[in-house]
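Visitor: Mind having a look at this structure? Questions to follow.
The values are calculated or read from the model by the stated rules, or taken from the named source; none is laboratory data. The structure presented is a predicted model; accordingly, all values stated were derived computationally and were not measured. Positions of Cβ are backbone-derived with ideal geometry, glycine not excepted, and every protein chain shown enters the neighbour counts.
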Ligand code: SF4
């Protein structure tokens, strides 16, 4: 909750206002995951609060550690639905990748999350709860957030922006807006609405193909918002906000990773201040795509660099635990040990 809402809850419970500040500090600064940890609160109050005002609507079901410094967390929501979040460690930064929906309606053909369809939107507390839970598990401050987990953030625009407000607030998680990235598959109205938001969050576009012919095949959303319309919105976003844009581009062997697509992408991005993240495809069981060989990945990268488009070839973390982009997927609850 934002501080005024928390204060209102505390006052409604006939408690003194300073308790709200204490709770915020415990949750967001000392990473408390349970009221029992809040040792300067009277015991009876801790018991009462645990019943009346649960810290989070999430329960940890399972943690999976990757060989590199990536961990995937499966959380159960109050209604039994499952969502996943990922923590990625790098020197000087701890990045959380959060989900914004249970499932996803957009059915990108290479994405595991899209296989199950949309179940429902997440509430703001179910999004901020992922950060609160991760910090309380890790006992460490998260420095960066990417809305790149399960779901399309702009299909849940208001709740996502409310969660950003809470995570950005100095008396809550206090994560700088520039350290928060919202990733969209190209919902143009969401991009245009984000222009009006005063916070300087970063925008990332999951482009993944450079022509309508290919993008229509792998991302059905392109039939609603074709590439020309999407790029118009990106140019307007950049003209109005002055901010850089990141484009995510998945390399599918023989489909998006071809010389024609590389040339088309270089033409498409001419004049836009941006970075392109090239993401070699990650194997998803049951999907028919292949990761291109390394020379083809490098050739794609060099075509962009020769055209003076800033681009990186992403060395994906978390590949071995299905935590990489497009790999988050609900698993059968019965097969999971609880609280492991
Ligand atoms: S890539 Fe993103 S938008 Fe597409 S189906 Fe997966 S979660 Fe949804």
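Visitor: Go through the range 149-174 and report how many residues are more than 17 Å from residue 184 (Cα to Cα) and within 16 Å of the ligand (Cβ to nearest atom).
Guide: 0
Visitor: While we're on this one: Say whether the condition of being away from the ligand (no atom under 16 Å from the Cβ) and modelled with pLDDT under 95 is met by at least one residue in the range 199-209.
Guide: As a first pass, look at the range 199-209 and keep what is away from the ligand (no atom under 16 Å from the Cβ): 199-202.
Checking which are modelled with pLDDT under 95 leaves us with 199-200.
Checking the range 199-209: at least one residue is away from the ligand (no atom under 16 Å from the Cβ) and modelled with pLDDT under 95.
Visitor: Just the residues that are within 15 Å of the ligand (Cβ to nearest atom) and either touching a residue at least 40 places away in the same chain (Cβ under 8 Å) or farther than 27 Å from residue 263 by Cβ (or both), please, taken from the range 215-231.
Guide: To start, the set of residues in the range 215-231 that are within 15 Å of the ligand (Cβ to nearest atom) comprises 215-225, 230.
217, 218, 219, 220, 221, 230 - these are the residues of the range 215-231 that are within 15 Å of the ligand (Cβ to nearest atom) and either touching a residue at least 40 places away in the same chain (Cβ under 8 Å) or farther than 27 Å from residue 263 by Cβ (or both).
Visitor: Further, regarding this structure: Under 9 Å between Cβ atoms, which residue pairs at least 6 apart in sequence (or on different chains) link something in the range 289-307 that is in contact (Cβ under 8 Å) with a residue 60 or more places away in the chain with a partner that is in a loop (DSSP other than H, G, I, E, B)?
Guide: 289/109; 289/110; 289/252; 289/255; 289/281; 289/283
Visitor: Which members of the range 105-148 meet the condition of being near the ligand (Cβ under 8 Å from one of its atoms), crowded, with 21+ Cβ neighbours inside 10 Å and under 18 Å from residue 81 (Cα atoms)?
Guide: The answer is 112, 113, 114.
Visitor: Of the conditions (1) within 16 Å of the ligand (Cβ to nearest atom); (2) without any contact (Cβ under 8 Å) to a residue 60 or more places away in the chain; (3) over 23 Å from residue 144 (Cα atoms), residue 38 clears all except one; give me its number.
Guide: Against the list (1) within 16 Å of the ligand (Cβ to nearest atom); (2) without any contact (Cβ under 8 Å) to a residue 60 or more places away in the chain; (3) over 23 Å from residue 144 (Cα atoms), residue 38 comes up short only on (1).
Visitor: Touching a strand residue (DSSP E or B) at 6+ places or on another chain (Cβ under 8 Å) and touching a residue at least 60 places away in the same chain (Cβ under 8 Å): does that describe residue 138?
Guide: Against the criterion (touching a strand residue (DSSP E or B) at 6+ places or on another chain (Cβ under 8 Å) and touching a residue at least 60 places away in the same chain (Cβ under 8 Å)), residue 138 qualifies.
Table: residues versus (1) within 30 Å of residue 139 (Cα to Cα); (2) in contact with a strand residue (DSSP E or B) (Cβ under 6 Å, 6 or more places away or on another chain); (3) outside the structural domain of residue 105 (by TED's automatic domain parsing).
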{"residue": "165", "(1), (2), (3)": "yes, no, no"}
{"residue": "171", "(1), (2), (3)": "yes, no, no"}
{"residue": "186", "(1), (2), (3)": "no, no, no"}
{"residue": "208", "(1), (2), (3)": "no, yes, no"}
{"residue": "229", "(1), (2), (3)": "no, no, no"}
{"residue": "255", "(1), (2), (3)": "no, no, no"}
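Visitor: Return a yes/no flag: does the range 112-134 have any residue that is outside any loop (DSSP other than H, G, I, E, B), farther than 24 Å from residue 189 by Cα and without any contact (Cβ under 8 Å) to a residue 40 or more places away in the chain.
Guide: no
Visitor: Just for the range 87-99: of the residues that are touching a strand residue (DSSP E or B) at 6+ places or on another chain (Cβ under 7 Å) and away from the ligand (no atom under 13 Å from the Cβ), which one is farthest from residue 24 (Cα to Cα)? Break it down into steps so the answer makes sense when it comes.
Guide: Quick first cut of the range 87-99, residues touching a strand residue (DSSP E or B) at 6+ places or on another chain (Cβ under 7 Å) only: 87-88, 93-99.
Cutting the leftovers down to away from the ligand (no atom under 13 Å from the Cβ) gives us 87-88, 93-96.
Numbers: 87: 23, 88: 25, 93: 23, 94: 21, 95: 22, 96: 20 Å.
For the range 87-99, the residue satisfying everything is 88.
Visitor: Let me ask something else about it. When residue 96 is evaluated against the numbered criteria (1) outside any helix (DSSP H, G or I); (2) under 25 Å from residue 194 (Cα atoms); (3) over 13 Å from the mean Cα position of the chain (by Cα); (4) at pLDDT 95 or above, which criterion, by number, is the only one it fails?
Guide: For residue 96, the failing item is (3).
Visitor: Are any of the residues in the range 70-85 assigned by TED's automatic domain parsing to the domain that holds residue 119, surrounded by 14 or more Cβ atoms within 10 Å (Cβ to Cβ) and not in a strand (DSSP E or B)?
Guide: Yes, the range 70-85 contains at least one residue that is assigned by TED's automatic domain parsing to the domain that holds residue 119, surrounded by 14 or more Cβ atoms within 10 Å (Cβ to Cβ) and not in a strand (DSSP E or B).
Visitor: Mind checking which residues of the range 54-69 are over 19 Å from residue 35 (Cα atoms) and outside any loop (DSSP other than H, G, I, E, B)?
Guide: Listed by number, the residues that qualify are 61, 62, 63, 64, 65.
Visitor: Going through the range 22-50 one residue at a time, which ones are surrounded by fewer than 17 Cβ atoms within 10 Å (Cβ to Cβ) and either touching a strand residue (DSSP E or B) at 6+ places or on another chain (Cβ under 9 Å) or more than 29 Å from residue 100 (Cβ to Cβ) (or both)?
Guide: Restricting attention to the range 22-50, the residues satisfying the condition of being surrounded by fewer than 17 Cβ atoms within 10 Å (Cβ to Cβ) are 22, 25, 29-30, 34, 36-37, 39-40, 42-48, 50.
Listed by number, the residues that qualify are 22, 36, 39, 40, 42, 43, 44, 45, 46, 47, 48.
Visitor: Looking at (1) more than 8 Å from the ligand (Cβ to nearest atom); (2) under 28 Å from residue 283 (Cβ atoms); (3) in a loop (DSSP other than H, G, I, E, B), can you tell me which one residue 102 breaks?
Guide: In the conditions (1) more than 8 Å from the ligand (Cβ to nearest atom); (2) under 28 Å from residue 283 (Cβ atoms); (3) in a loop (DSSP other than H, G, I, E, B), residue 102 misses (3) alone.
Visitor: Hey, another quick one. Looking for whichever is surrounded by fewer than 20 Cβ atoms within 10 Å (Cβ to Cβ) and at pLDDT 55 or above here; the options are 310, 329. Which one fits? Outline the logic, then answer.
Guide: On the way: 329 fails: at pLDDT 55 or above.
Just a single option satisfies the conditions, and that option is 310.
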